[in-house]
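Data block below; observations after.
Bear in mind these aren't lab numbers, they're just calculated from the coordinates by the rules spelled out. Treat the numbers as computed from the prediction; the structure is a model and nothing was measured. A quick note on method: Cβ atoms are made from the backbone with ideal geometry, for glycine too, and the neighbour counts reach across all protein chains shown.
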Amino acid sequence: MMGPAARVKRSAAGAAEPPRREVLLTLYRRHHLVRGHVDLDDFTADAIRDPTVCTLAARTSYREDPTAEYPQRFGGRLRVHLYGGRVVEHHQPVNRSSAECPLTRAEVESKFRRNAARALSRAAADAVVDAIDSLERCANLSALTRPFRP
């Protein structure tokens, strides 16, 4: 289900369209449930049409939480109804990667490497990670910027 009806806009054809923010958040959550993370590759046309994600989408609803502290926080609650009747729920009051709930170094590096793979070789991504690790000892930033130069 969508949020309050007042927030639903109409397309040129008159069909109800959810606000763009809700579409992106819903897509983000579905990919996260299927893959355990969300990267740039999850927003390609092929990824959006992924049969597993589409199957989940057909079984998914969205409701706005009136107690949410948006836009100060981007928390959320997930409730999954499993076959057999069991319900699993998770509440994340503050979004991951915020100052209040930062990602670990390993999570940041993993996310960087997955996204960098679109444009950098593994060796170049390694060089960026190594350069970041040595930033406090660097005289200049050339080691950090070198992998991005043609």
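Summing +1 for each Lys or Arg and -1 for each Asp or Glu, what net charge is found among the other residues whose Cβ lies under 12 Å from the Cβ of PRO147?
Values: positive: ARG122, ARG146, ARG149; negative: ASP126, ASP130.
Local charge sum for PRO147: +1.
Can you sort LEU82, LEU120 by how many other beta carbons sit within 10 Å, fewest first?
Values: LEU82 8, LEU120 17.
In increasing order of surrounding Cβ atoms, one gets LEU82, LEU120.
Full-extension gain between HIS90 and THR44, please, as 0.36 nm times their residue separation minus the C-alpha to C-alpha distance.
Working: separation 46, 0.36 × 46 = 16.56 nm, distance 2.76 nm.
Result for the pair: 13.8 nm of gain on full extension.
For the range 83-150, relative contact order (Cα pairs under 8 Å, six or more residues apart, normalised by length) works out to 21 percent.
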